[in-house]
1. How much accessible area per residue does the range 97-200 have, counting only protein heavy atoms and a probe of 1.4 Å, in square angstrom?
2. Relative to the Cα centre, what is the charge dipole magnitude of the chain, using +1 at the beta carbon of each Lys and Arg, -1 at the beta carbon of each Asp and Glu, and rounding to the nearest 20 debye?
3. Would you mind telling me the share, in percent, of accessible area of the range 2-199 contributed by carbon and sulfur at probe 1.4 angstrom?
4. Sorted from largest down, what three extents in whole angstroms do the Cα atoms of the chain have along their principal axes?
5. Please go through the residue pairs Lys48/Lys145; Lys10/Lys78; Lys4/Lys73; Lys145/Lys178; Lys73/Lys148; Lys73/Lys141 and name each one whose alpha carbons sit more than 29 Å apart in this structure.
6. What FRET efficiency do you get for Trp66 and Lys148 if R0 is 35 Å and r is their Cβ-Cβ distance, rounded to the nearest 0.05?
7. From the backbone phi of the range 171-185, what are the Karplus-calculated ³J(HN,Hα) couplings (6.51 cos²θ - 1.76 cosθ + 1.60, θ = phi - 60°) in whole Hz, Gly and Pro given as x?
8. Taking only the alpha-carbon positions of the range 62-124 and ignoring solvent, what does the Debye formula give for the base-10 log of I(q)/I(0) at q = 0.18 Å⁻¹?
Amino acid sequence: MIVKIVYDNKALQGFKASWGFSCFIEHSINLLFDTGGRYGVLKHNMKKLGISLNDIDAIFISHSHWDHAGGLKKLKLKYEGKIYVPPSSNLKGMKVGNEEFLPNFISTGEINGEQSLIVKDDDKIVIFTGCSHNGLKNVIKIAEKYGKIYAIIGGFHGFKEIELLRKYPLVMPCHCTKLKRQIEAFPNTIECLAGKVVEI
Ligand SMILES: [Zn+2]
Ligand SMILES: [Zn+2]
């Protein structure tokens, strides 16, 4: 699995930084997780990462906040593939519960307006979160049912029990992580920046 950070508050040189989050997951299918806030930034960073609209098999929106779903409005005008949205949101798309909606791609189901993504890669489980308004601990609990958690990537919001994160091989706290600096001090952590490519 290859994960490309498309949108974050911080960016590598040549990429645009903006409040929000999006990443592109290349696996059994290619899925765009969230769309950031501003389409112009999303488009710029996608182009720099070599991702074209035709490469996207599915879009998964974690929650309807503008910094995660804002880019979708304009993206949708040119994209005809599947879009998975939180069931309670007004966004147009497919609504799923806690289920494997595409091979290897599982939604946690919506909790507190947000759904997280669980991706299976052989015996590894990788979690992708938007802001974690659904509570990272709830997400971990659901993901554990599918296998051993290898990595957690995305926003962790106000998650306080950060010591629990030490046991996972790879942790990437992105946009919207209150204790980002403290988590980044752990040796298993990678800094989240738009433009970054991680092989799992
Ligand atoms: Zn956010
Ligand atoms: Zn949010």
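1. On the way: 4500 Å² over 104 residues.
With all protein chains present, the range 97-200 gives 43 Å² per residue.
2. Working: 27 positive and 20 negative charges, 132 e Å.
The calculated dipole for the chain is roughly 640 debye.
3. 50
4. Cα extents, longest axis first: 43, 38, 29 Å.
5. Working: Lys48/Lys145 36 Å; Lys10/Lys78 27 Å; Lys4/Lys73 21 Å; Lys145/Lys178 27 Å; Lys73/Lys148 36 Å; Lys73/Lys141 32 Å.
Flagged as over cut-off: Lys48/Lys145; Lys73/Lys148; Lys73/Lys141.
6. Efficiency for this residue pair is about 0.50.
7. Whole-Hz 3J(HN,Hα) from phi for the range 171-185: 10, 10, x, 10, 2, 6, 10, 4, 9, 3, 4, 5, 5, 5, 6.
8. Each listed q maps to, in turn, -0.68.
The values are calculated or read from the model by the stated rules, or taken from the named source; none is laboratory data. Quick caveat, the model's predicted, so the values are computed rather than measured. Every residue, glycine as well, gets a Cβ built from its backbone with ideal geometry; the counts of neighbours run over all protein chains shown. Calculation scope for accessible area: heavy atoms of the full protein, side chains included, ligands and nucleic acids excluded. Shrake-Rupley method; radii C 1.70, N 1.55, O 1.52, S 1.80 Å.
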